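Everything on this sheet refers to the single structure shown next.
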Amino acid sequence: MTDRPTESKTAQLPSASYSKLVMLLLFLVYAFNFLDRQIISILAIPIKEELGLSDEQLGLLGGIAFALLYSTLGVPIAWFADRFNRTWIMTGSLLIWSGFTALSGFATNFMQLFLARVGVGIGEAGGVAPAYTIIADYHPPEKRARAMAIYSLGIPVGSAFGVIAGSQIAGGGISDSLDWRSAFIIVGLAGVFLAPLFKLLVREPRRGQFDGVQATRPSALETEAAYPPAKARILSIAGAVLFALPSLLAIFSIMVFHAGASQSIGLLLIAAAVGAVCGWLAGQWVSRRGHWTVLALGSSVLMLIPGLVAWGVPVALDGESLGMGATAWLIGRAVAGALIGVFFVFFREFMNLALEKPSFWLMILGASASSMMGYGVFFWLPSFFARSFQLSLTETGWLFGGVLFFAGSLGIFLGGVMGDWMGKRKRSAFATVPAIAFLVSAPLYWAGIMSPSAMIAVIVLFVPTALGLAWLGPVLSAFQHLFPPHLRTSGSSVFLLINNLLGIGGGVYVLGRLSTLLEPTYGEGSLRISILIGSCLYLVAALFMFWAARHLARDWVEHVAHDDSNRAAEPA
């Protein structure tokens, strides 16, 4: 593989004016990213009425339908983005997700809309992680937190515009002939038109050009001894937890959410134990094998075994067939196992480095805990305002959209500024600033959700909405400093994989599921109680961020061109 011309050593650094143009276009693409995913939150109200959906189904549309492939496909796309042109990847992604957003307007039932949202997730999988590294290659280290914050303004701006535009179109504010289907089609086509403009104006930057290092190609795959013994133990522990998790989640769902049980709790406990053993063996297998085909087959079989225990025993005892649902679940486990094996081969260089950096994983867990609440509340607050305060669709759009736009923008920008300012003095600030923000957010969310009127709720929720998004600039900037330039997209993709599976896939669905379960007791107030419970996740996020701050300075990657050498000895 040859280096691209844009990565040559003689390439000139970009001018300040051109860097600003790139930031503007990246911001616009990110705004469309969140516009297309957030518009369904305000359209959930008319969609629910026309298609007769439950809160749980809406949670699936806003969460798992989008997050599943959005999160998992981001990892292989990152592998390509670390090796090939990132602007082409982002352009193609924008075309795909915008096209599927437009197709959402033609859905006539739950399954069609579900598949369209899956398509949106497929497209958006390649739209964020490459952008993080492009920003890092257009800005010096001391300005990256602010640059990441400016880019992240696409979250509140895109979300607010999605909510307001969606409510105006579907609510008849623009024309009585337009409805929720028109909203999907209009915003989808707008993104399709933006894609060629983005590719025309944004050049692929030279990797690491502001870090004083020349980007190197990822190392060739080895054939044996993939991971040293200490890291093999870490992988084995992680594998034991990961392989046991599906059965443990089933037990949790039965006991907490009163879900229908296909197996007994005793059998699920046995399946969890078998999964833990298989996961441990998978970790050992991963650490000793380097050929991806053998590794994929072995990890696939090990992932399948606990599923066969959970589903095979009832079938053997009852003498009935597995059924479509169980068969699909087993196939999914086998595919997931194969993908895990392939991941640990092709991302070996990244994982060997990442396993030495506890701050990376702790910040991911903190961000994911906050995102479970953040994504969940962004999706459900429009419905909360409409149900709790009997607001119309357009009134809900203006109120919630205004909070998202002003509070979200202010919080993200100030978080980036504070991260850069405090980070010059102490690197742990890139984690402590978000931790303090999360700590304050939880009680303020409780106060806002319990407000007696819509206006008081909007005023009180302004502050925690801002604080709940203040982490983006500092944390995303810190991620770019934990890895060398040629591994940054991989790091961003792993962060997005975990953050979005838990945040979008978990948070949106769990809040909706909890609201459905509480509805017989609390009626229209069930969503209020669900959000109150979810707000406790901000306290969990604060704990992880404070913990990460203890390791951040030690995990930082030093670059000779723009980093002060005296920071290397800074205590964690």
Describe numerically, in nm with one decimal, the distance between label points set 7 Å from Cα along Cα→Cβ at Phe252 and at Ala273. 2.2 nm
Once the Cβ-Cβ distance between Ala316 and Ala230 is put in as r, and R0 is 45 Å, what FRET efficiency do you end up with, to the nearest 0.05? 0.65
Order the peptides 122-132, 383-393 from the highest to the lowest mean number of other Cβ atoms within 10 Å of their residues. 122-132, 383-393
For the range 483-504 and the range 364-390, compute the distance between their C-alpha centroids and round to whole Å. 22 Å
Would you kindly state how much longer the chain becomes between Ile237 and Trp88 on full extension, computed as 0.36 nm times their sequence separation minus their alpha carbon distance, in nm to one decimal? 49.8 nm
Would you please put 486-497, 303-314 in order of how densely packed they are, using the mean number of other Cβ atoms within 10 angstrom per residue and starting with the highest? 486-497, 303-314
For the range 434-546: relative contact order, % (alpha-carbon pairs under 8 angstrom, 6 or more apart): 40 percent
Along the range 443-453, Karplus-curve 3J(HN,Hα) (6.51, -1.76, 1.60; θ = phi - 60°) to the nearest Hz, with x for Gly and Pro, reads x, 6, 5, 4, 5, x, 5, 8, 5, x, 9
Would you mind calculating the gained length between Thr293 and Gln390 on full extension (0.36 nm times residue separation, minus the Cα-Cα distance), in nm to one decimal? 29.2 nm
Under 29 Å Cα-Cα from Lys199, which lysines qualify once same-chain neighbours fewer than 8 residues away are excluded? Lys9, Lys20, Lys143
Phi angles of the range 374-381, converted by Karplus (6.51 cos²θ - 1.76 cosθ + 1.60, θ = phi - 60°) into ³J(HN,Hα) in whole Hz with x for Gly and Pro, give x, 5, x, 6, 4, 6, 9, 4
From phi via Karplus (6.51, -1.76, 1.60), per-residue ³J(HN,Hα) for the range 109-115 in Hz, x at Gly/Pro: 8, 4, 5, 5, 5, 4, 5
For Lys357, give me every one of the lysines with a C-alpha distance below 20 angstrom, ignoring sequence neighbours fewer than eight places off in its own chain. Lys231, Lys426
Accessible solvent surface per residue of the chain, calculated while the other protein chains remain in place, 1.4 angstrom probe, Å²: 39 Å²
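The values are calculated or read from the model by the stated rules, or taken from the named source; none is laboratory data. On a predicted model such as this, the values are computed, not experimentally measured, just so you know. Because the Cβ atoms are built from the backbone with ideal geometry, glycine has one as well, and the counts that use them run over all protein chains shown. Only protein heavy atoms, including side chains, enter the accessible area calculation; ligands, DNA and RNA are left aside. Shrake-Rupley method; radii C 1.70, N 1.55, O 1.52, S 1.80 Å.
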